[in-house]
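Comments concern the structure below.
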Amino acid sequence: MDSVATRVASPVPVSELTRSPALPAESGLDMPRQSLRRWDGGARAPAIRPSGRHAPRRMAIIGATAAMTMAAAYEMYLVLSVSGLTVAEHAVLALFVVLFAWIAFSTASAVVGFFALLGGGVRTLGIDPSAPLPKVVSHTALLLPTYNEDAHRVMSRLQAIYESVEATGQGELFDFFVLSDTTDPDVWIAEEIAFFALRRRVGEARLFYRRRADNTERKAGNIGEWVGRFGGRYAQMIVLDADSLMTGATVVRLVAAMEAHPHVGLIQTFPVIVNGTTLFQRLQQFAGRVYGPLIAHGIAWWHGGDSNYWGHNAAIRTEAFAAFAGLPQLSGRRPIGGHILSHDFVEAALIRRGGYSVHLAPMLSGSYEETPPSLTDYAARDRRWCQGNLQHLGVLPAHGLHWMSRLHLLTGIGSYLTAPLWLLFLVVGILISLQAQFIRPEYFPQGFSLFPHWPAQDPVRAAWVFAGTMGLLVLPKLLGYIALLTRPDDRRGCGGALRAFLSILVETLVSGLIAPVMMVMQSTAVIGILAGRDSGWQVQRRDDGTLPIGALVRRYLGHTIVGILLAAAAWAVSVPLFLWMTPVIVGLVLAIPFVAITASPAGGRVVRWLGLLSTPEERSPPDILFRANALDAAGGKIEAPIERLLRDPDLLGVHRAMLRPRLSPRGEVDVALVVGLAKLDEFDTLDEALRGLKRKELAAVIGDRRGLDRLVRLATRTTDYPSPA
């Protein structure tokens, strides 16, 4: 790393930047849209090597899920059928079976993950993190898509990744691309300033930057456009997110595994959540670190080469992606129709359909990501995922998909449909209780009957069913704790055995209060999406999730009202029912203050001071995380980026060199550009132009040579704006 630090300390003259292109020569791959209605096998990949281990493993998981579900369904039937089943009780039983099967399926996978961990973990494709670093021979591109993110922070992460790859001694085989879909003109120019500042620091022409003016198909379209222009130069691409980090050793091991296994189309790493500051982030970070390995090793154990893709921190064979992962447009209107939002599951399914295997590599460390700072920010992202997963209903019938790929799609759909099912289960259960409490039953129905029809349930058996269900929910947490105790470094990193146990109690309690709020949020999201409301594409906040009290009241007053109504209904039935529903009621009634507390960095600082919810990466940060955070802290927000661009001839020169003709779809007029150019003729100063143009118009004129020339002329008349730092 010393050699890299020395290079960074010797910046390249700005004049060199203008001679070093921001993008390499184009060498694209055709990426045809795939058909969901037809599949003839295509030009298939090298034959996937079959593994006889995975069929019985999958049968074991599905069999265990079915056995637990049938046993629970029978017990629930006995609870409800003491005197026969009413229509409402039939509904409760059906809902219970579906929801219990969902819990049992997750628990079964976690249990096998526990035993896999105790046995040394799942070593996908023979990847051994403890072995000497292999040598690679092919060229790889690391792609970092970004959308209106903090430019300095993005480049700090990229520099940390770049330096880590350089430290492996094989950096010449790797190129780095910032793929911007940014729409905010200030952020766009700040990206360019930060990017070329990074190039000056590292003195490297293997760093590239490209911005799309048209954000068609969002991240999937962003990656697809890169494949169509540059994909032919690279054997594989490693796709990151704007908050991703990946060590050089991990990058090299991924590439070596791709080179050794030509039938592999995609290798997904298991990212660890880092940099949590708010209480909500620390909860997610701790839970992912303690329970996550069970889940990852469990699904890797039985998924084998038919695994899934999570959209980032993964290596993808570029040729396979281009040939088979071109996303189709779904029929119908948005939000269900149109381009696919949750592209990753579908891309993995299409790559697998093309004959390539898809793997998860949970043993490969050195892969990191971040999580939203608050429940509000999480819900905004989650609603987009909800819409994308509901779109998978249109992908499920696609011809030629492997049955495991269909299972992944079903799992994604089910992760959102279960929320309204839980809410319906609670409501119907309370209605049954209210009916028994306040509506006079028909003891002697019409027709001949020797005995009255007494409405009844079995309370003792119901308590056992409830205890068993809760036990399945808690079991993965207990197994995660036991597995943690067997890993000394991780145990110490979580504060020791006692603090880790207390942290699990805190996480379980707070997550239990978050769960009903998420249930209502996801239920309203599902209903809204099915009713035709599109989720949009919001900018992701990273550090502070606090909101003004008025905004919190507007967002969560409905949750509070739902909680009060449930509390009143439960109290009207009986005190025991009210107490049984306390976690749901408290979480909903106190949603406003609870969201405020968990979104605050102060709450995170308190639990950190107590030594709770700690993770190994927090107590002893890996080198790449330490470096990225140090680089981020050393800089700051880029002030007045557009003014800096217009006054700096070198930046202006490289910006001009990167401009491409604006192509409107189907020959349509670029209204924002036409209006923006017309407005520029009415302004006398740059300050007037920056205040008078809408953001979309400003982005359009900055991306057009004519508009840029007019802005430069206005800048020469303006003297009352800040000079560049």
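Structure summary
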item	result
Residue in segment 347-356 that is of a type in the set (D, E), within 30 Å of D128 (Cα to Cα) and crowded, with 24+ Cβ neighbours inside 10 Å present	yes
Candidates R383, R406 - the one that is of a type in the set (K, R), modelled with pLDDT of 95 or more and under 28 Å from Q329 (Cβ atoms)	R406
Every pair of residues 6+ apart whose Cβ atoms lie under 9 Å, when the first sits in segment 106-131 and is more than 25 Å from R253 (Cβ to Cβ) while the second is of a type in the set (G, A, S) and assigned to a loop (DSSP other than H, G, I, E, B)	none
Every residue from segment 550-566 that is closer than 16 Å to Q522 by Cα and surrounded by fewer than 21 Cβ atoms within 10 Å (Cβ to Cβ)	R555, L557, G558, T560
Test result for E639, surrounded by fewer than 20 Cβ atoms within 10 Å (Cβ to Cβ) and more than 31 Å from the chain's Cα centre (by Cα)	no
Answer residue from segment 171-193, given it is within 24 Å of P134 (Cα to Cα) and surrounded by fewer than 23 Cβ atoms within 10 Å (Cβ to Cβ) and is nearest to the chain's Cα centre (by Cα) among those	D175
Search result, residues across segment 615-629 that are of a type outside the set (G, A, S) and either in a loop (DSSP other than H, G, I, E, B) or under 19 Å from A287 (Cα atoms) (or both)	T615, P616, E617, E618, R619, P621, P622
Tabulated pairs, segment 358-370, first farther than 15 Å from G113 by Cα, second among the acidic types (D, E) and in a loop (DSSP other than H, G, I, E, B), C-beta under 6 angstrom, 6+ apart or interchain	E369/D243; E370/D243
Within segment 587-604, tally of residues that are out of contact with any helix residue (DSSP H, G or I) (no Cβ under 7 Å at 6 or more places or on another chain), touching a residue at least 24 places away in the same chain (Cβ under 8 Å) and assigned to a helix (DSSP H, G or I)	1
Selection within segment 226-255 - buried (at least 20 other Cβ atoms within 10 Å of the Cβ) and assigned to a helix (DSSP H, G or I)	W226, V227, F230, G231, G248, T250, V251, V252, R253, L254, V255
Residue list for segment 194-221, filter: at positive phi and either over 22 Å from the mean Cα position of the chain (by Cα) or among the aliphatic types (A, V, I, L, M) (or both)	G203
R499 being touching a residue at least 40 places away in the same chain (Cβ under 8 Å), closer than 19 Å to R381 by Cα and over 22 Å from the mean Cα position of the chain (by Cα)	no
Output for segment 479-501, where each listed residue is aliphatic (A, V, I, L, M) and surrounded by fewer than 16 Cβ atoms within 10 Å (Cβ to Cβ)	I482, L485, A497, L498
Cβ pairs under 6 Å, 6+ apart, first in segment 267-289 and over 16 Å from V506 (Cα atoms), second modelled with pLDDT under 95 and among the β-branched types (V, I, T)	I273/T371
Sole exception among (1) surrounded by 14 or more Cβ atoms within 10 Å (Cβ to Cβ); (2) modelled with pLDDT of 95 or more; (3) not hydroxyl-bearing (S, T, Y) for A599, by number	(2)
Failed item in (1) in contact with a Ser or Thr (Cβ under 9 Å, 6 or more places away or on another chain); (2) closer than 30 Å to L646 by Cβ, with S164 passing the rest	(2)
Candidates D650, D632, filtered to the one that is touching a residue at least 60 places away in the same chain (Cβ under 8 Å), under 20 Å from L245 (Cα atoms) and in a helix (DSSP H, G or I)	D632
2 or more residues at pLDDT below 65 and aliphatic (A, V, I, L, M): qualifying helices (runs of 4 or more DSSP H) within segment 1-92	2-8, 14-19
Number of positions in segment 168-206 that are of a type outside the set (S, T, Y), under 18 Å from L240 (Cβ atoms) and not in a helix (DSSP H, G or I)	9
All positions within segment 679-712 that are in contact with a Lys or Arg (Cβ under 8 Å, 6 or more places away or on another chain), of a type outside the set (K, R) and closer than 24 Å to M658 by Cβ	L680, L686, A689, L693, E697, A700, V701, G703, D704, L708
Scan of segment 122-170 for residues that are β-branched (V, I, T), closer than 30 Å to V187 by Cβ and within 23 Å of the chain's Cα centre (by Cα), ordered by number	T146, V154, I161
Of all residues making up segment 297-347, the number that are farther than 30 Å from A525 by Cα and part of a loop (DSSP other than H, G, I, E, B)	2
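Rundown of residues vs (1) closer than 18 Å to I189 by Cβ; (2) modelled with pLDDT of 90 or more; (3) among the charged types (D, E, K, R); (4) surrounded by fewer than 21 Cβ atoms within 10 Å (Cβ to Cβ), yes/no style:
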site	(1), (2), (3), (4)
L612	no, yes, no, yes
P616	no, yes, no, yes
S620	no, yes, no, yes
V674	no, yes, no, yes
L686	yes, yes, no, no
L698	yes, yes, no, no
R706	yes, yes, yes, yes
Y721	yes, no, no, yes
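Matching residues to (1) under 30 Å from D241 (Cα atoms); (2) in a helix (DSSP H, G or I); (3) under 22 Å from the mean Cα position of the chain (by Cα):
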site: A515; (1), (2), (3): yes, yes, yes
site: G532; (1), (2), (3): yes, no, no
site: Q540; (1), (2), (3): yes, no, yes
site: G550; (1), (2), (3): no, yes, no
site: V553; (1), (2), (3): no, yes, no
site: G558; (1), (2), (3): no, yes, no
site: L566; (1), (2), (3): no, yes, no
site: A570; (1), (2), (3): no, yes, no
site: I585; (1), (2), (3): no, yes, no
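The values are calculated or read from the model by the stated rules, or taken from the named source; none is laboratory data. Quantities reported herein were computed from a predicted structural model and do not represent experimental measurements. All Cβ positions, glycine included, derive from the backbone under ideal geometry; neighbour counts span all protein chains shown.
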